[in-house]
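Colleague: Can you keep this structure in mind? I'll have questions shortly.
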């Protein structure tokens, strides 16, 4: 595999629907456009892009949705957020409680999130379902999630141990174990990776 080191450094990135967004160490938000990182006004600690749109949470856990290149505040508090599901939003708060938002609520600003049973520190969704890891690195898969029932029916323990799991918009699932510090997200024919030193790497 021939990989390319991209310009700039990031602490977190997400790829979805052919778009790539990232957050730098100083909480600036960028997107990849015309072979360079372009900054968007506003700060964030975790950004996500996918069928549910482009969303960010900041260091105060406030939630924002990108609309016409302007961040619109949405009710709720998340430490991590994911827009990769089948046009629904999901995330976890600082207590590791899991929540989601059905498709019909995505454009509203005063929303009530649906709580999902269990505790996870990271939760990521794709077209075939949602995956998450808890604070002891156990892996779970949420079954039967849909646009109108983002809660799904039940979670199933999956063998293995991960500190983070990501699902691409094509359904691909990637994970990072407790011995590695590589964050990766795959979309539009590329695997995007953040190395330990913050360098962004793109692989075919």
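The values are calculated or read from the model by the stated rules, or taken from the named source; none is laboratory data. Quick caveat: nothing in here was measured; it's all calculated off a predicted structure. Cβ sites come from the backbone with ideal geometry, for glycine too, and all protein chains shown count toward neighbours.
Colleague: So which residues in the stretch 165-204 are modelled with pLDDT of 85 or more and either more than 18 Å from residue 21 (Cα to Cα) or not in a strand (DSSP E or B) (or both), if there are any at all?
Modeller: Those that are modelled with pLDDT of 85 or more and either more than 18 Å from residue 21 (Cα to Cα) or not in a strand (DSSP E or B) (or both): 197, 198.
Colleague: Continuing with the same structure: Go through the stretch 46-72 residue by residue and tally those that are touching a residue at least 60 places away in the same chain (Cβ under 8 Å) and crowded, with 22+ Cβ neighbours inside 10 Å.
Modeller: Qualifying residue count for the region: 1.
Colleague: Whether any residue in the stretch 96-108 is over 24 Å from residue 192 (Cβ atoms), in a loop (DSSP other than H, G, I, E, B) and in contact with a strand residue (DSSP E or B) (Cβ under 6 Å, 6 or more places away or on another chain) is what I want to check.
Modeller: yes
Colleague: I've got another one for you. Step by step: first the residues of the stretch 83-95, then only those that are part of a strand (DSSP E or B) and in contact (Cβ under 8 Å) with a residue 60 or more places away in the chain, then the one that is nearest to residue 141 (Cα to Cα). Which residue is that?
Modeller: 90
Colleague: State all residues of the stretch 33-45 that are in a strand (DSSP E or B) and crowded, with 19+ Cβ neighbours inside 10 Å; if no residue qualifies, say none.
Modeller: 37
Colleague: Something else about it: Of the conditions (1) in a strand (DSSP E or B); (2) more than 20 Å from residue 46 (Cα to Cα); (3) at pLDDT below 85, residue 142 clears all except one; give me its number.
Modeller: Here residue 142 clears every test but (3).
Colleague: Separate question: Hey, among 20, 49, 56, which residue is in a strand (DSSP E or B), under 12 Å from the mean Cα position of the chain (by Cα) and under 18 Å from residue 130 (Cβ atoms)?
Modeller: 49
Colleague: Just checking, which of 155, 75, 124 is part of a strand (DSSP E or B), surrounded by 16 or more Cβ atoms within 10 Å (Cβ to Cβ) and over 13 Å from the mean Cα position of the chain (by Cα)?
Modeller: Exactly one residue qualifies, and that residue is 155.
Colleague: Keeping to the stretch 33-45, report how many residues are touching a residue at least 12 places away in the same chain (Cβ under 8 Å) and closer than 25 Å to residue 60 by Cα.
Modeller: Total satisfying the criteria: 7.
Colleague: Could you check the stretch 20-32 and list, in sequence order, the residues that are surrounded by fewer than 17 Cβ atoms within 10 Å (Cβ to Cβ) and in contact (Cβ under 8 Å) with a residue 60 or more places away in the chain?
Modeller: Answer for the stretch 20-32, where residues must be surrounded by fewer than 17 Cβ atoms within 10 Å (Cβ to Cβ) and in contact (Cβ under 8 Å) with a residue 60 or more places away in the chain: just 25.
Colleague: Across the stretch 128-154, what is the number of residues that are out of contact with any strand residue (DSSP E or B) (no Cβ under 7 Å at 6 or more places or on another chain), within 15 Å of residue 165 (Cα to Cα) and in contact (Cβ under 8 Å) with a residue 12 or more places away in the chain?
Modeller: Residues in the stretch 128-154 being out of contact with any strand residue (DSSP E or B) (no Cβ under 7 Å at 6 or more places or on another chain), within 15 Å of residue 165 (Cα to Cα) and in contact (Cβ under 8 Å) with a residue 12 or more places away in the chain: 3 in total.
Colleague: Of everything in the stretch 17-42, what is more than 16 Å from residue 194 (Cβ to Cβ) and in contact with a strand residue (DSSP E or B) (Cβ under 8 Å, 6 or more places away or on another chain)? Give them in sequence order.
Modeller: Listed by number, the residues that qualify are 17, 18, 19, 36, 38, 39, 40, 41, 42.
Colleague: When residue 115 is evaluated against the numbered criteria (1) over 22 Å from residue 15 (Cα atoms); (2) in a strand (DSSP E or B); (3) in contact (Cβ under 8 Å) with a residue 40 or more places away in the chain, which criterion, by number, is the only one it fails?
Modeller: (3)
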